[in-house]
Amino acid sequence: MNLKDKVVIVTGATSGIGESCAIAFGKEGAKVAITGRSQVKVDNTLVKLQQVGVECIGVLADAGVEEDNKNMAKKVKDHFGKIDILINNAGISMRALFEELDTAVFHKVMDTNFWGTVYATKYCLPEILDQKGSIIGVSSINGYRGTPARTAYTASKYAMNGFLESLRTEVMKRGVHILVACPGFTASNIRNNALTADGGAQGESPRNEDDMMTADEVAQHILKATLKRKRDLVLTSEGKLAVFLNKWMPGIMDGIVYNHMAKEKESPFK
Ligand SMILES: NC(=O)c1ccc[n+]([C@@H]2O[C@H](COP(=O)([O-])OP(=O)(O)OC[C@H]3O[C@@H](n4cnc5c(N)ncnc54)[C@H](OP(=O)(O)O)[C@@H]3O)[C@@H](O)[C@H]2O)c1
């Protein structure tokens, strides 16, 4: 598969993995549409894309708002004439004990990560069916294995995986490719912006971001998996090990995961 003149939408592309995907796909010749909730941040990413010669547009859209997704699909179709690839990347995380978590925070995480994927896919699917294109979900290792104090995030990623597996099978005879990409820990703003029990931003990452895979590396893996039309992508050796161990010894993994996450800075459980 060649990306020359393919039209790619990347949701939540003003930072981290989304921005890196927009640049990586654009450098391969794709025309790129990016979304985000802040005009200033969208414009900053558009400048970065233009600096490397990518034909691009920005659409202000909140992933969790159905009408914004409908408008996004229409604007991209009107501007570029088609949609080949949708990268459902917009996402938000949280960290709090479930017993202390405001249910509004749970809704916010599900709205962005899960419903954002459902809405964007719903409104882009007719075009992607026409083009026999690709739908990519940027999920997480949390789509295979839950971690304590990340109930809403884990639920949203399991829901994404289930939705996309079901849809992949539904459209399997119609030429559409669906990739579920599950990065491991990746250096980005996700942990700074993660929501606490009352919905405020965590502010600071509780982990050493320097030890993590970079967003550019994740984007290269997603690009290659898309070109090969792979169905699954699980990243980092730690992430691959977690998925493997959880499949064969989930009870033992409960203890391993508990102890690992309890070591995070200011963990809400010990
Ligand atoms: N970093 C990791 O360790 C890691 C691991 C596994 C999976 N992931 C997944 O990778 C994806 C990207 O995360 P990241 O690590 O790159 O985080 P990030 O640096 O915080 O980027 C998140 C992006 O999502 C956008 N976004 C957030 N809420 C949105 C909304 N309601 N509507 C539209 N856009 C929204 C943000 O844009 P605005 O704030 O400008 O709207 C931003 O561009 C997420 O789905 C995340 O779950 C990350």
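Every number here is computed from the coordinates shown, using simple stated rules; none is lab data. Predicted model, so just to flag it, every value in this text is computed and none were measured. So basically every Cβ, Gly included, is an ideal-geometry build from the backbone, and we count neighbours across all protein chains shown.
Taking the Cβ of each residue in THR236, THR214 as the centre, tally the other Cβ atoms inside 10 Å and list the residues starting with the fewest.
Going from sparsest to densest Cβ surroundings: THR214, THR236.
Enter the angle in degrees (range 0 to 90, nearest 10) between the Cα long axis of helix 215-227 and the first principal axis of the Cα atoms of the chain, meaning the one along which they spread out most.
50
Between segment 1-67 and segment 249-263, what's the alpha-carbon centroid distance in Å?
Computed from Cα coordinates, the inter-centre distance equals 37 Å.
For a test of the definition: using alpha carbon positions, the gyration tensor, and the 1.5 limit on a/c, classify segment 93-169 as rounded, prolate or oblate.
Prolate shape, in that a/c is at least 1.5 and a/b is the bigger ratio.
Which percent, nearest 5, of DSSP beta bridges in segment 1-85 are antiparallel?
Details: 0 of 10 bridges.
Approximately 0 percent, going by the DSSP bridge assignments.
Using Cβ contacts closer than 10 Å as the measure, can you line up CYS56, CYS21 from fewest to most?
So the ranking, lowest neighbour count to highest, is CYS56, CYS21.
Could you tell me what percent of the DSSP beta bridges with both partners in the chain are antiparallel, to the nearest 5?
5
Dividing the alpha-carbon Rg of segment 21-109 by 2.2 N^0.38 Å yields what? Walk me through the numbers before you get to the answer.
Numbers: Rg = 15.6 Å, N = 89, 2.2 N^0.38 = 12.1 Å.
In units of the globular-protein estimate, segment 21-109 measures up at 1.29.
Select from segment 128-204 those GluC sites (Glu not before Pro) which occupy a DSSP coil region and have at most 13 other Cβ atoms within 10 Å, ordered by residue number. All intermediate terms of the calculation are to be shown ahead of the outcome.
On the way: sites: GLU165, GLU170, GLU204; in loops: GLU204.
When the GluC sites (Glu not before Pro) of segment 128-204 are filtered for loop state and at most 13 Cβ neighbours within 10 Å, GLU204 remain.
Counting residues in the chain as N, plug N into 2.2 N^0.38 Å and put the Cα Rg over that result.
0.97
Determine the distance separating the Cα centre of segment 77-146 from the Cα centre of segment 182-217; give it in Å without decimals.
18
Fewest first, what order do SER205, SER156, SER134 take by the number of other Cβ atoms within 10 Å? Could the numbers behind the result be given before it?
Working: SER205 18, SER156 30, SER134 21.
With the fewest neighbours first, SER205, SER156, SER134 line up as SER205, SER134, SER156.
Using DSSP to call loops (not H, G, I, E or B), can you name the trypsin sites (Lys or Arg not before Pro) in segment 131-212 whose Cβ has at most 10 other Cβ atoms within 10 angstrom?
LYS173, ARG174
Quick one: grab the alpha carbon gyration tensor of segment 29-182, order the square roots of its eigenvalues as a ≥ b ≥ c, and give me rounded if a/c is under 1.5, else prolate or oblate depending on whether a/b is larger than b/c.
Oblate.
Can you compute the helix-only [θ] at 222 nm over the chain? Use -39500 (n - 2.57) per DSSP H run of at least 4 residues, normalise by all residues, nearest 500 deg cm²/dmol.
-14500 deg cm²/dmol
Where does helix 237-248 land angle-wise versus the long Cα axis of the chain, in degrees 0 to 90, nearest 10?
That helix lies at roughly 70 degrees to the long axis.
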